[in-house]
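We did not get these values from a lab; they are worked out from the coordinates using the rules stated. What you see is a predicted model, and the numbers here were worked out from it, not measured in a lab. Glycine also receives a Cβ, built like all others from the backbone with ideal geometry; neighbour counts cover every protein chain displayed.
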C-alpha cells in the first residue's frame, strides 16, 4: 500500500540528473527576450516617455497599455491592478513599458535609452501614514478591506477579569526568495496563445490571459514548467509576468521569454504583508482567558490583490488555538504606495501567530503562571468552539502535539536548568509555541471553487491523474499517485500524472492554502474510487464473478487471481475507447459558513503544531543562534512521511528566517537590499538541528485521513525563538526579525 | 553597441607592465573574478577591456623569507587556509579566509583582489593592517613597496597608479611572545559581508602589553587602525579596569555609519565588546 | 575567442566572447542546462561546477580563463543513465524538493566526498554553506550526503 510509504519522488530522477526543464532551460526557435521598464517613483503621474531618437528602435518590439486587446487589468479579486500603467503611478517598480529584443543584453541596453518624466505626489509609505489619511490613495480612507469578528461580550469579560494585559507586536515584509526567479515564455498561435513557465496556479494565469487577450478557454493555453519554489510568491504574480510576455509575443508574432534577474524579482514582486497587531487580554489569576480584544492592520501595498483574503485568514487565526468566550477582533488592510503585497506561505497566520504567542508569553510572565500550564489551561480541544463559532468536531491534535514536543525536547527540564543569574557571554534559553492552521480556503471558498480532478486509464494500462494542482517541490505529483495507487489497489509505479496544462487537466483550484492534499487529494481519491468501481464491474462481467476486488495490482475473486491491472485496463480501453472518471469537491456534511456575519466553520478542519526552540544568545555580539527546534505537527495522516517531514523542516527554517534574519530595507517606497547578498536567508551553517514528530489525528474527510501540512510549519518558529530569547536574556522583543541590532536596543532599554 | 568586452591574457609580468602602460587607465585587471564578475553581471562596471592575469603564475606562491612571509597576489583563500606556513606564522589570516564567502568563493577569490578591490568590509584587510603588512607593487617603471597602512587614501581609493599591478603582500611572522586574533560579525554564518570585522596583533610579557595593533573594517571608508585605543593599551597592565576603558575608548574612537546591513550604534557597541572579549582571553 | 576544454569527460570547443560567463557557455553554447542561475552574484551556489578539481561559482568565471580545464557538471555525475551514489542518496532521503538547488548541492557534495570520504555532519554543513536552499531546511540534504559517504566509493575526480 503506497500511502504512508516513502516512495521515490515521481520526478526525482529528472531533478537529480539536471534533466528537469525549468522555464529558463527552454529555448524556442525565433524566441525574443523581454524586459520591463518600471516606475522610478512611488506615486505620481507619467508626464512624458522619451525614446532617444539616435537609437535604432527598429530591432525592438515595444508594448504599452494601448496594445492590450482586452481590458487593462490583471484578473484576481478586485481587478484594480493594471497590467501596465497608463498615466497614474502607485508604486515604485510599477510596470510601464515592455521591450523585446533578440537578447537580454540588447533589451537592457535599449531600456537605457528610454527616459520617463514624472510628476511626483507625496507617497504613503507606512501603515501609520495610511491610517492618518494625509493623502487618500484608495477609496475614501485608504482601507482595502476590514473585518470584524465578535463573540460573547468583551466589555463584560474585561470587567470580570482579574488582570488586563496589553501588547503591541510588529511583523515585517518577508520575501519568498524561491531560488528560481519568476519566468515565462509566451508563444503566439494563429488563434491561440500559449504561456508556459514557473507558477503555482495555471488556471489563475489562464483566467488573466483570457480576459487580457479576449480568448476563450481553449484558445488560452497555460502550462506549468518545472518550478523551482513558490511558497505563495508564484500564486498571483505569474499572471502579471505571463501577460507581459504574452503581450510582447502577441505584438511581435514571435515567442518571447521573460526571466527576472534576482534584483528585479525581489524589488518588484509581492511580499508577505507587514503588520501591527495589538492585543488586550483580560485574564483570571489562574490563567484562564476571560476577554480578548485584538486589532490587526496589514499593509496591502498599492493594489488590493489578495489582501482581503490574507486579512481574513489573519483575523480568523488571531486568537490562536485558545478558548475565549468574549472576543472582538478588528482587522484592516490598508493601501500604501509600495509594491502590492501578496501570498507567502502562512498567508496572514504567521503574522498573527507571532502576536498571539508573544501575548501568551507576556501573560504568563506577568501572572507568574508557567507558559506551558497557560497553554494547557486555555487550548482548544475537541468539542470546543472557536472565535467564529465553529465547533471543533474532529481531528484536534492540540494536546497531542504539545505533549509530544514538550516531552521529546525535555522542555521542562531544560527550562529548569536555565539559571536566571547566568552572566556568561553566551546565554541559552528555551521557548515554546502552540499554533494552528486552517486547511483549505477560508469560509465558503472551497464550496464555491468546486475543485475538480480526474483519473483516467491509459491505453498502456496505467492510471493517470488529471489535476490542475502543481508540483512546486512539496510533492504533489508523488502523493497524488500514492493516493490513487492506494485507492485503486495498484502499485505506485503503475500510476502516472498528467502535465499541468490547462488544455489537458481540469481546474482543481490553485496550489495554495494547504489544500492540495486535503481538498484536491480527496477529489483525486474520489475520482480513483469511481474509476475503480467501473473497472470492478467490468471484470465481474468479464469473468462472471461476483465480489471482485483489486488488491496489489491484481483483480481477485476470493482466493482466485483473475487478471492483472494492466491487462484489464488495456482490455477496457480496447473495448470502450477510454475511461475517465472525474470528481468534484463538496464540503463534508455539516460544514457551513455565513459570509455576511462571518461566522461558522471557517475551515473544514485545522492542523495543529507545537514547537520548542533552543537558542544561544551571544552577549558580546547579540547574535542569536537557533540551536535546535523540536516540533510536533498534527497533519491528520502523512501520505508520504519523508515529504511531510520535508515540508515541516523547510517551513520551519523559513520561519526561523522570519524570526531572526529576514528584513527588507526601504527608502521612499523602494527596496534597498534586493540582492541575495543583503537579503539574508539562512545557510546550512545558520540552520538549527531539527527534530520533527508527525502526529496523526485522522481527519475523516481527508484522503486516508490527511489534512493540510504546507503552511502550518511557517507559523510557530518565530514566537518560539522569541520566547527562548526572553528565557535566555529577559529581553521581550515584540518586533521581528530579532536581529542583533534590535536585540541590543531592547537589552539596553531594559537596564 | 552591445556590450562585449575584450580580454587579453598576458603570460609574463613584463607583458602585463606593457599592457598597463598602454591601457592601464581603461583596462581592468581580472584575477578570480569574485568581485569584478558580480559588478559585470549587475552592469555596474564600465570596463570594455580586461587584462586576465589568472594564469600569471609569477604572482602565485607563498614564500618563507625567514622573518617574513611573502604572499603572491594571486594566492587564493583556499591556498591560505591550506598553508601550514600561514597557519603557523600569521594564523589570523587563515581565520579571516575561512569566513570569506563559502568554499566556491574561497577557491577563486585572491588576497590581491581583496586588497585592490578596496572595500571597507574586505575581511583580510584588518589582518594585513594589524600586521603592518607591506604591499609590493610593480609597473614598467619598477617595483615599489608601500606600508599597507598607507595604502588606502579614501573610499575605494588606493595609492596605486593606473599602470601598476599588485604583486605581493609581505608580513612579519608572529614572534613567540606575540599573538593574533580575528573576529568578524557577519549577517549570517557564511556568505556574509561583515558588519564589523577586527584583527588584533599583540605582544604581551607577563601581564603587560608591550604593543597592540587593532585594525577594524566596516566602520570607516577604509580599513583603519584604532590608534587612540592602541595608545591607551600600550605598556599598560592587562586588567579588568583597562579592558573596560579600552572598550569605551574604541567605541568612541570609531565613526561607523548606519547602512543596509547594520547600525552605527551596533557597530560601536560590538567593536568595544569584541576588543574586550579578545583582551579577556589574554588575562 | 576559441576555448577548448573538457566537459564531463568529453573534449569540447566553443567560440565565445572572452568575458562570457562559464555558466552561460554551459547553458547556451553547450546546451547543458542542468547548472542553474539563482542570483548572478556568487551567493546562492546554484551555478556550482567543479573546475580542475575545485568547486566554483560558474556565474563568476569568465570563459577566457577556462582554456584547457576539466569541468564537471551535474550532467556528468550519472553514468549510462544510472544515478551515482550521491544522486541515489538524495533520491532516497528526499533531499530534492523543487530541485533547483539540487545540481549545485550535488556538485558541492561531490567535491567534498572527493577529498573527504568520511565527513562529519559539521564538515558537510561547511561544504554546502555556499549553496542556498529555500525548500528543505537542509536537513535531508545533509542526511543524504552522510548516507552517500557511508555507502559509496567516490567517483574519479574530474
How many angstrom lie between the Cα centre of region C:47-114 and the Cα centre of region B:68-132?
26
Looking at the square roots a ≥ b ≥ c of the eigenvalues of the Cα gyration tensor of chain B, which shape do they give, rounded for a/c under 1.5, prolate if a/b is larger than b/c, or oblate?
prolate
Want the number for residue A:493 to residue A:48: 0.36 nm per residue separation, take away the alpha-carbon distance, what's left?
154.2 nm
Please arrange A:113, A:437, A:701 by how many other C-beta atoms lie within 10 Å of their C-beta, fewest to most.
A:113, A:701, A:437
Rank B:31, B:130, B:47 by mean-square fluctuation in a GNM of chain B with C-alpha springs under 10 angstrom and give only the top-ranked residue.
B:47
Averaged over residues of B:266-273, the number of beta carbons from other chains lying within 10 Å of each residue's Cβ is 4
For the pair residue C:11 and residue A:155, the simple spin-label estimate (label points 7 Å beyond Cα toward Cβ) gives in nm 9.1
Quote the FRET efficiency, to the nearest 0.05, computed for residue A:112 versus residue B:175 with a Förster distance R0 of 60 Å and r equal to the Cβ-Cβ distance.
0.60
Order of A:481, A:201, C:101, A:584 from fewest to most other C-beta atoms within 10 Å?
A:584, A:481, A:201, C:101
Binned at 10 Å from zero, the C-alpha pair distances of chain C give percents of 12, 43, 34, 11, 1
Förster radius 41 Å - calculated FRET efficiency between residue A:592 and residue A:128, Cβ distance, rounded to 0.05
0.60
Label model pair residue B:240, residue A:381: point-to-point distance (7 angstrom along the Cα→beta-carbon line) in nm is 5.2
Sort the following peptides by mean Cβ neighbour count (other Cβ atoms within 10 Å, averaged over residues), highest first: A:229-235, B:166-172.
A:229-235, B:166-172
Specify whether the C-alpha gyration tensor of region A:575-655 places it in the rounded, prolate or oblate class, a ≥ b ≥ c being the square roots of the eigenvalues: rounded for a/c under 1.5, otherwise prolate if a/b is larger than b/c and oblate if not.
oblate
In terms of the Cα gyration tensor, with a ≥ b ≥ c the square roots of its eigenvalues, is chain A rounded because a/c is under 1.5, prolate because a/b exceeds b/c, or oblate?
oblate
For A:283, A:612, ascending order of other Cβ atoms within 10 Å (fewest first) is A:283, A:612
So for R0 = 45 Å, FRET eff. of residue C:115-residue B:150 from the Cβ-Cβ r, to 0.05, ends up at 0.65
Quickly work out the residue C:31-to-residue A:6 label distance, labels modelled 7 Å from Cα along the C-beta direction, and quote it in nm with one decimal.
3.8
Counting DSSP beta bridges in region A:358-502, what percent are antiparallel, to the nearest 5?
60
Just to be sure I understand: of the beta bridges DSSP finds with both ends in the protein assembly as shown, what percent are antiparallel, rounded to 5?
80
Over the protein assembly as shown, the sum of -39500 (n - 2.57) across DSSP H runs of at least four, divided by residue number and rounded to 500 deg cm²/dmol, gives at 222 nm -8500 deg cm²/dmol
Partner shielding of A:486-496, as the mean number of partner chain Cβ atoms within 10 Å, equals 0
Can you pull the mean other chain C-beta count within 10 Å for peptide A:639-648?
3
Relative contact order of chain A, pairs being alpha-carbon contacts under 8 Å that are 6 or more residues apart, as %
16
